[in-house]
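Working notes, structure below.
The values are calculated or read from the model by the stated rules, or taken from the named source; none is laboratory data. What you see is a predicted model; the values in this text were computed from it and never measured. We place every Cβ from the backbone using ideal geometry, glycine too, and count neighbours over all the protein chains shown. For the accessible areas, the whole protein counts, side chains as well, though only heavy atoms, and no ligand, DNA or RNA atoms are used. Shrake-Rupley method; radii C 1.70, N 1.55, O 1.52, S 1.80 Å.
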Amino acid sequence: MASFKTLDDLEDGQRVLVRLDLNSPVEDGEVQDNRRFDRHAETVRELAERDCGVVCMAHQGRPGRDTFVSLEQHADILGRHVGKPVEFVPDTFGDRAISAIDDLAGGEILLLENTRMCDEELPEEEPTVKAETEFVKALAPEFDAYVNDAYSAAHRSHASLVGFPLALPAYAGRVMETEYEANTAIAERAFDGPVTMVVGGTKASDVIDVMTALEDKVDTFLLGGIAGELFLRAMDVPVGRDIEGMDLFDDQWAENETTIRSLLDDYGDQIRLALDLAFEDDEGERDEIEVLDVEEKDRAFLDVGSNTVSEYAAIVEDSEAVFVKGALGLFEDERFADGTVGVLEAIAETDCFSVVGGGDTSRAIEMYGMSEDDFGHVSIAGGAYIRALTGERLVGVEALRG
Ligand code: 3PG
(Lines give C-alpha, C1' and ligand atoms only; values in the text may rest on other atoms or scores of the structure.)
Protein backbone atom coordinates (compact mmCIF):
# COMPACT_ATOMS: atom_id res chain seq x y z
CA MET A 1 0.00 0.00 0.00
CA ALA A 2 1.03 3.52 -0.64
CA SER A 3 2.24 5.43 2.35
CA PHE A 4 0.89 8.79 1.26
CA LYS A 5 -1.74 10.89 3.01
CA THR A 6 -5.15 11.12 1.37
CA LEU A 7 -8.09 13.51 1.57
CA ASP A 8 -9.22 11.57 4.64
CA ASP A 9 -6.24 13.13 6.44
CA LEU A 10 -6.90 16.69 5.24
CA GLU A 11 -8.66 19.22 7.48
CA ASP A 12 -11.79 20.91 6.12
CA GLY A 13 -11.88 24.61 5.30
CA GLN A 14 -8.27 24.95 4.10
CA ARG A 15 -7.03 26.74 1.02
CA VAL A 16 -5.80 23.96 -1.23
CA LEU A 17 -3.73 23.83 -4.44
CA VAL A 18 -4.85 20.83 -6.50
CA ARG A 19 -2.95 19.36 -9.47
CA LEU A 20 -5.30 17.69 -11.96
CA ASP A 21 -4.55 16.05 -15.30
CA LEU A 22 -7.01 17.58 -17.77
CA ASN A 23 -4.76 16.94 -20.79
CA SER A 24 -7.34 16.26 -23.50
CA PRO A 25 -7.75 15.75 -27.22
CA VAL A 26 -8.21 19.06 -29.06
CA GLU A 27 -10.05 19.07 -32.40
CA ASP A 28 -10.04 22.25 -34.50
CA GLY A 29 -9.10 24.20 -31.39
CA GLU A 30 -11.97 22.72 -29.40
CA VAL A 31 -11.12 20.83 -26.21
CA GLN A 32 -12.91 17.48 -26.13
CA ASP A 33 -14.73 16.46 -22.99
CA ASN A 34 -13.51 13.10 -21.68
CA ARG A 35 -13.50 10.92 -18.58
CA ARG A 36 -10.58 12.81 -16.99
CA PHE A 37 -12.93 15.74 -16.25
CA ASP A 38 -15.51 13.47 -14.73
CA ARG A 39 -13.00 11.66 -12.51
CA HIS A 40 -11.21 14.76 -11.24
CA ALA A 41 -14.55 16.48 -10.63
CA GLU A 42 -15.06 14.06 -7.74
CA THR A 43 -11.95 15.32 -5.92
CA VAL A 44 -12.70 18.97 -6.66
CA ARG A 45 -16.36 18.66 -5.57
CA GLU A 46 -15.42 16.92 -2.34
CA LEU A 47 -12.92 19.67 -1.45
CA ALA A 48 -15.38 22.45 -2.28
CA GLU A 49 -18.12 20.74 -0.25
CA ARG A 50 -15.68 20.55 2.65
CA ASP A 51 -15.44 24.35 2.51
CA CYS A 52 -11.96 24.42 1.03
CA GLY A 53 -10.92 27.23 -1.32
CA VAL A 54 -9.89 25.08 -4.31
CA VAL A 55 -7.28 26.31 -6.78
CA CYS A 56 -6.70 23.83 -9.59
CA MET A 57 -3.73 23.64 -11.91
CA ALA A 58 -3.27 21.38 -14.92
CA HIS A 59 -1.41 21.16 -18.23
CA GLN A 60 -2.55 20.82 -21.83
CA GLY A 61 -0.31 19.63 -24.69
CA ARG A 62 3.30 20.66 -25.07
CA PRO A 63 4.82 23.84 -26.52
CA GLY A 64 4.96 23.55 -30.30
CA ARG A 65 2.00 21.19 -30.62
CA ASP A 66 -1.53 22.00 -31.82
CA THR A 67 -2.88 20.70 -28.53
CA PHE A 68 -0.88 23.31 -26.55
CA VAL A 69 -3.77 25.65 -25.73
CA SER A 70 -5.13 27.71 -22.85
CA LEU A 71 -7.22 26.06 -20.11
CA GLU A 72 -10.12 28.49 -20.56
CA GLN A 73 -12.37 25.85 -22.13
CA HIS A 74 -11.28 23.30 -19.53
CA ALA A 75 -12.71 25.52 -16.77
CA ASP A 76 -16.19 25.41 -18.34
CA ILE A 77 -16.08 21.66 -18.90
CA LEU A 78 -14.77 20.99 -15.39
CA GLY A 79 -17.46 23.26 -13.91
CA ARG A 80 -20.17 21.26 -15.68
CA HIS A 81 -18.84 18.02 -14.21
CA VAL A 82 -18.36 19.45 -10.71
CA GLY A 83 -21.80 21.05 -10.77
CA LYS A 84 -20.36 24.38 -9.54
CA PRO A 85 -18.72 27.31 -11.37
CA VAL A 86 -14.98 27.00 -11.99
CA GLU A 87 -13.46 30.43 -12.61
CA PHE A 88 -10.60 30.53 -15.10
CA VAL A 89 -7.57 32.75 -14.28
CA PRO A 90 -5.35 33.47 -17.31
CA ASP A 91 -2.15 33.38 -15.25
CA THR A 92 -0.10 30.68 -13.50
CA PHE A 93 1.75 32.42 -10.66
CA GLY A 94 1.87 36.16 -11.47
CA ASP A 95 0.01 39.04 -9.79
CA ARG A 96 -3.28 38.15 -11.42
CA ALA A 97 -3.16 34.59 -10.11
CA ILE A 98 -2.11 35.67 -6.61
CA SER A 99 -4.84 38.29 -6.35
CA ALA A 100 -7.54 35.83 -7.55
CA ILE A 101 -6.29 33.31 -4.96
CA ASP A 102 -6.35 35.95 -2.21
CA ASP A 103 -9.99 36.74 -3.02
CA LEU A 104 -11.10 33.10 -2.97
CA ALA A 105 -13.65 32.05 -0.35
CA GLY A 106 -14.24 28.54 1.04
CA GLY A 107 -16.26 26.40 -1.39
CA GLU A 108 -15.12 28.40 -4.44
CA ILE A 109 -13.05 26.96 -7.29
CA LEU A 110 -10.42 28.49 -9.60
CA LEU A 111 -8.47 26.98 -12.49
CA LEU A 112 -5.09 28.59 -13.25
CA GLU A 113 -3.61 28.78 -16.77
CA ASN A 114 -1.79 25.83 -18.42
CA THR A 115 1.22 25.01 -16.20
CA ARG A 116 3.30 24.32 -19.31
CA MET A 117 3.04 28.00 -20.25
CA CYS A 118 5.37 28.55 -17.32
CA ASP A 119 9.04 28.05 -18.40
CA GLU A 120 10.05 26.37 -15.15
CA GLU A 121 7.42 23.62 -15.34
CA LEU A 122 8.71 21.30 -18.04
CA PRO A 123 12.44 20.59 -17.77
CA GLU A 124 12.71 17.20 -16.03
CA GLU A 125 14.71 17.95 -12.87
CA GLU A 126 15.01 16.69 -9.32
CA PRO A 127 12.17 17.61 -6.93
CA THR A 128 14.60 19.69 -4.85
CA VAL A 129 15.40 21.79 -7.95
CA LYS A 130 11.72 22.12 -8.83
CA ALA A 131 10.90 23.23 -5.28
CA GLU A 132 13.25 26.20 -5.76
CA THR A 133 11.55 27.52 -8.90
CA GLU A 134 9.82 30.91 -8.80
CA PHE A 135 6.63 29.09 -9.82
CA VAL A 136 6.62 27.03 -6.61
CA LYS A 137 8.06 29.76 -4.40
CA ALA A 138 5.44 32.32 -5.48
CA LEU A 139 2.39 30.02 -5.20
CA ALA A 140 3.12 27.78 -2.22
CA PRO A 141 2.86 30.49 0.50
CA GLU A 142 -0.73 31.14 -0.63
CA PHE A 143 -1.87 27.67 0.46
CA ASP A 144 -2.36 25.44 3.48
CA ALA A 145 -2.01 22.20 1.51
CA TYR A 146 -1.21 20.64 -1.87
CA VAL A 147 -3.25 17.81 -3.37
CA ASN A 148 -1.95 15.78 -6.30
CA ASP A 149 -4.74 14.05 -8.20
CA ALA A 150 -2.80 13.77 -11.47
CA TYR A 151 -1.75 10.12 -11.35
CA SER A 152 -1.68 10.02 -15.16
CA ALA A 153 1.05 12.70 -15.21
CA ALA A 154 2.94 11.35 -12.19
CA HIS A 155 5.74 9.93 -14.36
CA ARG A 156 6.84 13.50 -15.15
CA SER A 157 9.27 15.31 -12.83
CA HIS A 158 7.62 18.68 -13.42
CA ALA A 159 7.38 21.57 -10.94
CA SER A 160 3.61 21.31 -10.43
CA LEU A 161 3.95 17.59 -9.65
CA VAL A 162 7.14 17.21 -7.63
CA GLY A 163 8.05 20.74 -6.45
CA PHE A 164 5.01 21.56 -4.32
CA PRO A 165 5.12 18.45 -2.10
CA LEU A 166 8.43 19.76 -0.73
CA ALA A 167 6.90 23.15 0.01
CA LEU A 168 3.49 22.23 1.45
CA PRO A 169 1.78 19.39 3.36
CA ALA A 170 0.92 17.03 0.48
CA TYR A 171 -2.04 14.68 -0.03
CA ALA A 172 -3.24 12.30 -2.73
CA GLY A 173 -6.59 13.14 -4.33
CA ARG A 174 -9.27 10.50 -4.93
CA VAL A 175 -8.14 9.81 -8.51
CA MET A 176 -4.51 9.46 -7.45
CA GLU A 177 -5.54 7.05 -4.71
CA THR A 178 -7.74 4.76 -6.82
CA GLU A 179 -5.45 4.76 -9.86
CA TYR A 180 -2.45 3.92 -7.72
CA GLU A 181 -4.15 1.01 -6.01
CA ALA A 182 -5.61 -0.54 -9.17
CA ASN A 183 -2.59 -0.08 -11.41
CA THR A 184 -0.06 -1.46 -8.97
CA ALA A 185 -2.29 -4.41 -8.06
CA ILE A 186 -0.72 -6.69 -10.66
CA ALA A 187 2.73 -6.17 -9.19
CA GLU A 188 1.75 -5.99 -5.52
CA ARG A 189 -1.35 -8.14 -4.99
CA ALA A 190 -1.57 -11.91 -4.75
CA PHE A 191 -4.50 -13.46 -6.60
CA ASP A 192 -5.92 -16.91 -5.77
CA GLY A 193 -6.52 -17.92 -9.39
CA PRO A 194 -5.14 -17.33 -12.88
CA VAL A 195 -4.04 -13.83 -13.88
CA THR A 196 -4.54 -12.90 -17.53
CA MET A 197 -3.25 -9.92 -19.42
CA VAL A 198 -4.64 -8.69 -22.75
CA VAL A 199 -1.92 -6.87 -24.68
CA GLY A 200 -2.36 -5.07 -27.98
CA GLY A 201 -2.24 -1.60 -29.46
CA THR A 202 0.22 -0.13 -31.92
CA LYS A 203 3.40 0.21 -29.86
CA ALA A 204 5.14 -3.16 -29.73
CA SER A 205 7.88 -2.00 -27.36
CA ASP A 206 5.28 -1.09 -24.69
CA VAL A 207 3.74 -4.57 -24.98
CA ILE A 208 7.13 -6.23 -24.80
CA ASP A 209 8.24 -4.18 -21.78
CA VAL A 210 5.05 -5.09 -19.94
CA MET A 211 5.39 -8.79 -20.84
CA THR A 212 9.03 -8.87 -19.79
CA ALA A 213 8.29 -7.19 -16.47
CA LEU A 214 5.25 -9.34 -15.67
CA GLU A 215 6.17 -12.77 -16.95
CA ASP A 216 6.26 -14.11 -13.36
CA LYS A 217 2.98 -12.44 -12.35
CA VAL A 218 0.82 -13.28 -15.35
CA ASP A 219 -0.32 -16.80 -16.24
CA THR A 220 -1.54 -16.03 -19.75
CA PHE A 221 -0.91 -13.18 -22.16
CA LEU A 222 -3.53 -12.74 -24.89
CA LEU A 223 -1.96 -10.93 -27.83
CA GLY A 224 -3.37 -8.80 -30.62
CA GLY A 225 -2.65 -5.57 -32.46
CA ILE A 226 0.78 -4.86 -33.88
CA ALA A 227 2.68 -6.90 -31.29
CA GLY A 228 0.36 -9.85 -31.92
CA GLU A 229 1.34 -9.89 -35.59
CA LEU A 230 5.04 -9.50 -34.76
CA PHE A 231 4.90 -12.54 -32.47
CA LEU A 232 3.19 -14.50 -35.28
CA ARG A 233 6.01 -13.42 -37.58
CA ALA A 234 8.49 -14.90 -35.13
CA MET A 235 6.51 -18.17 -35.45
CA ASP A 236 7.10 -18.03 -39.24
CA VAL A 237 3.59 -16.89 -40.15
CA PRO A 238 3.98 -14.44 -43.08
CA VAL A 239 2.34 -11.51 -41.26
CA GLY A 240 3.75 -8.74 -39.05
CA ARG A 241 5.38 -6.99 -41.98
CA ASP A 242 4.65 -3.80 -43.88
CA ILE A 243 2.87 -3.86 -47.21
CA GLU A 244 2.94 -0.96 -49.66
CA GLY A 245 2.14 2.36 -48.03
CA MET A 246 2.42 0.92 -44.50
CA ASP A 247 4.99 1.89 -41.91
CA LEU A 248 4.04 -0.03 -38.80
CA PHE A 249 5.83 -3.35 -38.61
CA ASP A 250 9.31 -3.62 -40.13
CA ASP A 251 11.03 -1.04 -37.92
CA GLN A 252 9.34 -2.40 -34.80
CA TRP A 253 10.37 -5.92 -35.86
CA ALA A 254 14.01 -4.88 -36.31
CA GLU A 255 13.95 -3.24 -32.90
CA ASN A 256 12.23 -6.06 -31.00
CA GLU A 257 12.93 -9.31 -32.85
CA THR A 258 15.49 -10.63 -30.35
CA THR A 259 13.27 -9.96 -27.34
CA ILE A 260 10.20 -11.42 -29.05
CA ARG A 261 12.08 -14.61 -29.89
CA SER A 262 13.45 -14.99 -26.38
CA LEU A 263 10.02 -14.34 -24.81
CA LEU A 264 8.60 -17.09 -27.04
CA ASP A 265 11.47 -19.44 -26.19
CA ASP A 266 11.24 -18.88 -22.44
CA TYR A 267 7.54 -18.23 -21.89
CA GLY A 268 5.84 -19.59 -25.01
CA ASP A 269 3.35 -21.62 -22.92
CA GLN A 270 2.02 -18.42 -21.36
CA ILE A 271 1.54 -16.61 -24.66
CA ARG A 272 -1.60 -16.99 -26.82
CA LEU A 273 -1.55 -15.65 -30.35
CA ALA A 274 -4.37 -15.09 -32.82
CA LEU A 275 -5.78 -18.20 -34.52
CA ASP A 276 -7.43 -16.09 -37.20
CA LEU A 277 -7.28 -12.50 -38.41
CA ALA A 278 -9.81 -10.08 -39.89
CA PHE A 279 -9.40 -7.89 -42.96
CA GLU A 280 -11.43 -5.69 -45.30
CA ASP A 281 -12.55 -7.58 -48.42
CA ASP A 282 -12.95 -6.10 -51.89
CA GLU A 283 -16.54 -5.06 -51.09
CA GLY A 284 -15.42 -3.21 -47.98
CA GLU A 285 -16.84 -5.90 -45.66
CA ARG A 286 -15.09 -7.67 -42.80
CA ASP A 287 -13.72 -11.07 -43.74
CA GLU A 288 -11.50 -13.47 -41.81
CA ILE A 289 -8.71 -15.93 -42.54
CA GLU A 290 -7.16 -18.69 -40.43
CA VAL A 291 -3.59 -17.76 -39.55
CA LEU A 292 -2.37 -21.10 -40.93
CA ASP A 293 -3.95 -20.29 -44.32
CA VAL A 294 -2.08 -17.02 -44.78
CA GLU A 295 0.43 -17.59 -47.58
CA GLU A 296 1.52 -14.04 -48.06
CA LYS A 297 0.60 -10.72 -46.46
CA ASP A 298 -1.09 -8.79 -49.24
CA ARG A 299 -3.52 -6.73 -47.17
CA ALA A 300 -3.76 -5.16 -43.74
CA PHE A 301 -5.11 -7.22 -40.87
CA LEU A 302 -7.26 -5.02 -38.68
CA ASP A 303 -8.53 -7.27 -35.91
CA VAL A 304 -8.24 -10.76 -34.48
CA GLY A 305 -10.79 -13.22 -35.90
CA SER A 306 -13.86 -14.78 -34.28
CA ASN A 307 -12.17 -18.07 -33.27
CA THR A 308 -9.54 -16.05 -31.46
CA VAL A 309 -12.21 -14.00 -29.69
CA SER A 310 -13.90 -17.21 -28.48
CA GLU A 311 -10.62 -18.66 -27.25
CA TYR A 312 -9.60 -15.44 -25.49
CA ALA A 313 -13.08 -14.99 -23.95
CA ALA A 314 -12.95 -18.53 -22.51
CA ILE A 315 -9.57 -17.80 -20.89
CA VAL A 316 -10.93 -14.55 -19.45
CA GLU A 317 -13.94 -16.40 -17.99
CA ASP A 318 -11.59 -18.70 -16.04
CA SER A 319 -9.43 -15.86 -14.71
CA GLU A 320 -9.27 -14.41 -11.24
CA ALA A 321 -7.82 -11.13 -12.50
CA VAL A 322 -7.61 -9.58 -15.97
CA PHE A 323 -5.52 -6.56 -16.95
CA VAL A 324 -5.95 -4.90 -20.35
CA LYS A 325 -3.26 -2.88 -22.06
CA GLY A 326 -4.06 -1.92 -25.62
CA ALA A 327 -6.71 -2.85 -28.17
CA LEU A 328 -6.77 -6.10 -30.16
CA GLY A 329 -7.85 -4.36 -33.36
CA LEU A 330 -8.96 -1.11 -34.96
CA PHE A 331 -12.02 -0.78 -32.71
CA GLU A 332 -12.76 2.77 -33.83
CA ASP A 333 -14.06 1.11 -37.03
CA GLU A 334 -17.10 -0.95 -36.05
CA ARG A 335 -16.18 -3.70 -38.53
CA PHE A 336 -12.94 -4.34 -36.65
CA ALA A 337 -14.09 -3.94 -33.06
CA ASP A 338 -15.03 -7.59 -32.40
CA GLY A 339 -11.72 -8.56 -30.78
CA THR A 340 -11.44 -5.61 -28.41
CA VAL A 341 -15.15 -5.52 -27.59
CA GLY A 342 -15.51 -9.32 -27.35
CA VAL A 343 -12.78 -9.53 -24.72
CA LEU A 344 -14.07 -6.48 -22.83
CA GLU A 345 -17.58 -7.98 -22.79
CA ALA A 346 -16.20 -11.26 -21.48
CA ILE A 347 -14.47 -9.34 -18.66
CA ALA A 348 -17.64 -7.36 -17.90
CA GLU A 349 -19.62 -10.58 -17.54
CA THR A 350 -17.28 -12.18 -14.99
CA ASP A 351 -16.67 -11.29 -11.36
CA CYS A 352 -12.90 -11.16 -11.81
CA PHE A 353 -10.78 -8.25 -10.62
CA SER A 354 -10.15 -6.17 -13.73
CA VAL A 355 -8.23 -3.11 -14.81
CA VAL A 356 -8.58 -1.60 -18.29
CA GLY A 357 -6.12 1.01 -19.49
CA GLY A 358 -3.51 1.86 -22.04
CA GLY A 359 -3.96 4.61 -24.56
CA ASP A 360 -7.43 4.76 -25.96
CA THR A 361 -8.54 1.22 -25.15
CA SER A 362 -10.86 2.35 -22.40
CA ARG A 363 -12.67 4.52 -24.97
CA ALA A 364 -14.08 1.33 -26.48
CA ILE A 365 -16.10 0.85 -23.29
CA GLU A 366 -18.24 3.92 -23.88
CA MET A 367 -18.15 3.67 -27.68
CA TYR A 368 -19.78 0.26 -27.57
CA GLY A 369 -22.28 0.97 -24.80
CA MET A 370 -20.62 -1.00 -22.00
CA SER A 371 -20.76 0.25 -18.43
CA GLU A 372 -17.63 1.22 -16.51
CA ASP A 373 -19.29 -0.24 -13.43
CA ASP A 374 -18.78 -3.74 -14.87
CA PHE A 375 -15.00 -3.31 -14.63
CA GLY A 376 -12.92 -3.14 -11.47
CA HIS A 377 -11.10 -0.04 -12.65
CA VAL A 378 -10.91 1.88 -15.92
CA SER A 379 -7.68 3.83 -15.91
CA ILE A 380 -7.42 7.38 -17.28
CA ALA A 381 -3.64 7.04 -17.49
CA GLY A 382 -1.56 6.30 -20.60
CA GLY A 383 2.21 6.45 -20.09
CA ALA A 384 1.87 6.26 -16.30
CA TYR A 385 -0.24 3.08 -16.61
CA ILE A 386 2.43 1.34 -18.68
CA ARG A 387 5.11 2.41 -16.23
CA ALA A 388 3.09 1.21 -13.27
CA LEU A 389 2.57 -2.17 -14.93
CA THR A 390 6.28 -2.52 -15.54
CA GLY A 391 6.95 -1.82 -11.87
CA GLU A 392 8.53 1.57 -12.46
CA ARG A 393 8.12 4.02 -9.59
CA LEU A 394 6.39 7.27 -10.53
CA VAL A 395 8.19 10.41 -9.35
CA GLY A 396 4.93 12.22 -8.62
CA VAL A 397 3.80 9.39 -6.34
CA GLU A 398 7.19 9.16 -4.67
CA ALA A 399 7.10 12.90 -3.97
CA LEU A 400 3.81 12.45 -2.10
CA ARG A 401 5.34 9.86 0.18
CA GLY A 402 7.68 12.56 1.49
C1 3PG B 1 -1.01 12.16 -20.50
O2 3PG B 1 -1.90 12.71 -21.18
O3 3PG B 1 -0.69 10.96 -20.65
C4 3PG B 1 -0.35 12.95 -19.42
O5 3PG B 1 -1.04 14.13 -19.20
C6 3PG B 1 1.10 13.20 -19.70
O7 3PG B 1 1.23 14.04 -20.81
P8 3PG B 1 2.67 14.19 -21.54
O9 3PG B 1 2.95 12.85 -22.16
O10 3PG B 1 2.50 15.30 -22.55
O11 3PG B 1 3.68 14.54 -20.50
For region 1-109, what relative contact order do you get, as a whole percent, if you take Cα pairs closer than 8 Å and at least 6 residues apart?
-> 31 percent
Which value, in debye to the nearest 20, gives the size of the charge dipole of region 163-315 about its Cα centre, when Lys and Arg are +1 and Asp and Glu are -1 at the Cβ?
-> 960 debye
First compute the accessible area of region 184-390 with a 1.4 Å probe, then give the percent of it belonging to carbon and sulfur atoms.
-> 40 percent
One-quarter of the Cα convex hull surface for region 77-141, in nm²?
-> 5.2 nm²
Proximal charge balance of residue 43 [Cβ under 12 Å; K/R count +1, D/E count -1] = -2
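Beyond 30 Å, how much of the Cα-Cα pair distribution for region 7-178 remains, as a whole percent?
7 percent
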Name the residue farthest towards the positive end of the dipole of the chain from the options 169, 223, 90, assuming +1 on Cβ of Lys and Arg, -1 on Cβ of Asp and Glu, about the Cα centre.
-> 169
For region 184-390 (alpha-carbon point model, no solvent) the Debye-based log₁₀ I(q)/I(0) at q = 0.11, 0.12 Å⁻¹ works out to -0.46, -0.55
If one takes the longest principal axis of the Cα atoms in the chain, at what angle in degrees, from 0 to 90 and to the nearest 10, does the Cα axis of helix 306-317 lie?
-> 60 degrees
Can you tell me what the convex hull of the Cα atoms of region 136-181 projects to on average, as an area in nm²?
-> 3.1 nm²
Before rounding to the nearest 500, sum -39500 (n - 2.57) across all DSSP H runs of length at least 4 in the chain and divide by the residue total; then give [θ] at 222 nm in deg cm²/dmol.
-> -10000 deg cm²/dmol
Which cross-chain or sequence-distant (5 or more) residues have an amide H under 5 Å from the amide H of residue 271, H modelled 1.01 Å from N in plane?
-> 221
Euclidean distance of C-alpha centroids, region 44-97 and region 250-310, integer Å | 44 Å
Accessible area per residue, 1.4 Å probe, Å², for region 184-390: what's the number?
-> 44 Å²
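Over region 131-170, what is the relative contact order in whole percent, taking alpha-carbon pairs under 8 Å and six or more residues apart?
Dividing the mean separation by the residue count of region 131-170 yields 58 percent.
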Return one number: the angle in degrees, 0 to 90 and rounded to the nearest 10, between the long axis of the Cα atoms of helix 35-49 and the longest principal axis of the Cα atoms of the chain.
-> 30 degrees
Using only the alpha carbons, work out the radius of gyration and Dmax of region 108-187 in angstrom.
-> 13.1, 40
Kindly identify region 39-121 as rounded, prolate or oblate by the Cα gyration tensor criterion: order the square roots of the eigenvalues as a ≥ b ≥ c, call it rounded if a/c is under 1.5, otherwise compare a/b with b/c, prolate if a/b is larger, else oblate.
-> oblate
Per the 1/(1 + (r/R0)^6) rule, R0 = 45 Å and r from the Cβ atoms of residue 333 and residue 102, FRET efficiency to 0.05 is 0.30
If one builds a Gaussian network model of the chain from Cα atoms under 10 Å apart, the most fluctuating residue listed among 76, 219, 251 is 251
Taking only Cα atoms, what is the 0 to 90° angle, nearest 10, from helix 204-214's long axis to the longest principal axis of the chain?
-> 80 degrees
Quotient of C-alpha Rg and 2.2 N^0.38 Å, computed over region 114-160 = 1.11
Accessible area of region 7-178 belonging to carbon and sulfur atoms, whole % at 1.4 Å probe = 42 percent
Semi-axes, largest first, in whole Å: what does sqrt of 5 times each Cα gyration tensor eigenvalue give for the chain?
-> 42, 21, 20
For region 167-311, calculate the relative contact order in percent as a whole number, restricting contacts to Cα pairs under 8 Å that are 6 or more residues apart.
-> 20 percent
Note to self: with every protein chain in place and a 1.4 Å probe, region 4-157 gives an accessible area per residue in Å² of 42 Å²
